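J.: Can you keep this structure in mind? I'll have questions shortly.
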């Protein structure tokens, strides 16, 4: 069976689509799956079972990236084409069956919205990140056994979503202090190398003996394996947040100019806290432009974030730890 799965450009959206792939792998265990994704998200799928090939879609003028995808797929007769990008590609290929994602519904979580593509909205499959034995070995070298570790993702793909570094530093002090949820825990800071400027102040604020600087050191499957080894995660609304949730790590997302009903971390061992200002208040401000506006997260206090972290930690420890969704 030949399946073409067209998914997102952004890492977070791609992770939220992986539950559908996991469902397909279980339903069609001998299927050969081709994944089409943007260059940032494509590495997620390298360790995926049943993978035939990855087609990297680099955006081109005049939507030529869609023509390139069509040209690379037209020579094969498909059994199933799933298009989460709502393009024309599913209608331009020979296939026995085609499924196209429904129009975006911001009142639903993204996982539920995507699950409707296969009629699974009543029992949506949760996101998953696959790792290889090599990924797991690399993660063990980067984050060896030792004291518990809090993973921190303080960068974001645009400035408005970034909680200030000094707020992260204060929160870390509280969570790792003598009365915190994880006294004397190590701190693993994750970000892409091009995001180092966003986290430099935070890196300098963490005692060297407890800092694990992983900025630019983890490919996506390795980052997933690292997050599986962590005791807790806190970070901005980002791909790493969704990855941590997919790995079963207690995950706290910090929100401001994002819709929590649609993009909150998915899973029982997750939580979120948002700014005192609502999403509508933030994005309707006369000078707001997500491309240029600086952080709009200042109405999320350290006290609010600490309370949410303690609540999540308590819930996560009361419930029996579920089987991690990250798979080798």
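J.: Mind listing just one residue for me: the one in segment 114-131 that is within 19 Å of the chain's Cα centre (by Cα) and assigned to a helix (DSSP H, G or I) and, of those, nearest to residue 219 (Cα to Cα)?
T.: For segment 114-131, the residue satisfying everything is 114.
J.: I need the full set of residues from segment 260-272 which are assigned to a loop (DSSP other than H, G, I, E, B) and either in contact with a strand residue (DSSP E or B) (Cβ under 9 Å, 6 or more places away or on another chain) or at pLDDT 95 or above (or both), in order please.
T.: Of all residues in segment 260-272, those assigned to a loop (DSSP other than H, G, I, E, B) come to 264-269.
If the condition is that a residue be assigned to a loop (DSSP other than H, G, I, E, B) and either in contact with a strand residue (DSSP E or B) (Cβ under 9 Å, 6 or more places away or on another chain) or at pLDDT 95 or above (or both), then 264, 265, 266, 267, 269 are the ones that fit.
J.: (1) out of contact with any helix residue (DSSP H, G or I) (no Cβ under 9 Å at 6 or more places or on another chain); (2) without any contact (Cβ under 8 Å) to a residue 24 or more places away in the chain; (3) more than 22 Å from residue 148 (Cα to Cα): which one isn't true of residue 304, the others all being true?
T.: The one condition residue 304 does not meet is (2).
J.: Let me ask something else about it. Do you know which residues across segment 252-295 are in contact with a helix residue (DSSP H, G or I) (Cβ under 6 Å, 6 or more places away or on another chain) and without any contact (Cβ under 8 Å) to a residue 24 or more places away in the chain?
T.: The one that is in contact with a helix residue (DSSP H, G or I) (Cβ under 6 Å, 6 or more places away or on another chain) and without any contact (Cβ under 8 Å) to a residue 24 or more places away in the chain: 253.
J.: In segment 34-52, how many residues are more than 12 Å from residue 14 (Cβ to Cβ), touching a helix residue (DSSP H, G or I) at 6+ places or on another chain (Cβ under 7 Å) and surrounded by fewer than 19 Cβ atoms within 10 Å (Cβ to Cβ)?
T.: 4
J.: Is there a residue being buried (at least 16 other Cβ atoms within 10 Å of the Cβ), under 17 Å from residue 159 (Cα atoms), out of contact with any strand residue (DSSP E or B) (no Cβ under 6 Å at 6 or more places or on another chain) and touching a residue at least 12 places away in the same chain (Cβ under 8 Å) anywhere in segment 308-316?
T.: Checked segment 308-316: no residue is buried (at least 16 other Cβ atoms within 10 Å of the Cβ), under 17 Å from residue 159 (Cα atoms), out of contact with any strand residue (DSSP E or B) (no Cβ under 6 Å at 6 or more places or on another chain) and touching a residue at least 12 places away in the same chain (Cβ under 8 Å).
J.: Let me ask you something else. At least 1 residues that are more than 24 Å from residue 310 (Cα to Cα) and touching a strand residue (DSSP E or B) at 6+ places or on another chain (Cβ under 9 Å) in each: list the strands (runs of 3 or more DSSP E) lying fully within segment 132-242 that qualify.
T.: So the answer is 211-213.
J.: Can you tell me how many residues in segment 53-77 are surrounded by 14 or more Cβ atoms within 10 Å (Cβ to Cβ), touching a residue at least 24 places away in the same chain (Cβ under 8 Å) and closer than 21 Å to residue 220 by Cα?
T.: Start the filter on segment 53-77 by keeping residues that are surrounded by 14 or more Cβ atoms within 10 Å (Cβ to Cβ), which leaves 54-57, 65-66, 68-70, 72-73, 76.
Among the residues that remain, those that are also touching a residue at least 24 places away in the same chain (Cβ under 8 Å) are: 57, 69, 73, 76.
If we keep only those that are closer than 21 Å to residue 220 by Cα too, we end up with 57.
Residues that pass the stated criteria total 1.
J.: Being touching a residue at least 60 places away in the same chain (Cβ under 8 Å) and touching a strand residue (DSSP E or B) at 6+ places or on another chain (Cβ under 8 Å) narrows it down to one of 7, 34, so name that one.
T.: Numbers: 34 fails: touching a residue at least 60 places away in the same chain (Cβ under 8 Å).
Just one listed residue meets the conditions, 7.
J.: Going by the conditions given, is residue 252 within 21 Å of residue 134 (Cα to Cα), modelled with pLDDT of 95 or more and not in a loop (DSSP other than H, G, I, E, B)?
T.: no
J.: When you look at residue 205, is it surrounded by fewer than 24 Cβ atoms within 10 Å (Cβ to Cβ) and either within 14 Å of the chain's Cα centre (by Cα) or more than 21 Å from residue 145 (Cα to Cα) (or both), yes or no?
T.: yes
J.: Within segment 1-38, how many residues are over 17 Å from residue 100 (Cα atoms) and more than 15 Å from the chain's Cα centre (by Cα)? Step through it out loud before you land on a result.
T.: Let us first name the residues in segment 1-38 that are over 17 Å from residue 100 (Cα atoms), namely 1, 10-12, 15, 22, 25-32, 38.
Then keep just the ones that are more than 15 Å from the chain's Cα centre (by Cα); that gives 1, 22, 25-32.
Total meeting the criteria: 10.
J.: Part of a helix (DSSP H, G or I) and not assigned by TED's automatic domain parsing to the domain that holds residue 218 - does that describe any residue in segment 77-88?
T.: No, segment 77-88 contains no residue that is part of a helix (DSSP H, G or I) and not assigned by TED's automatic domain parsing to the domain that holds residue 218.
The values are calculated or read from the model by the stated rules, or taken from the named source; none is laboratory data. Given the structure is predicted, the values throughout are model-derived calculations rather than measurements. Glycine gets a Cβ as well: all are built from the backbone with ideal geometry, and neighbour counts include every protein chain shown.
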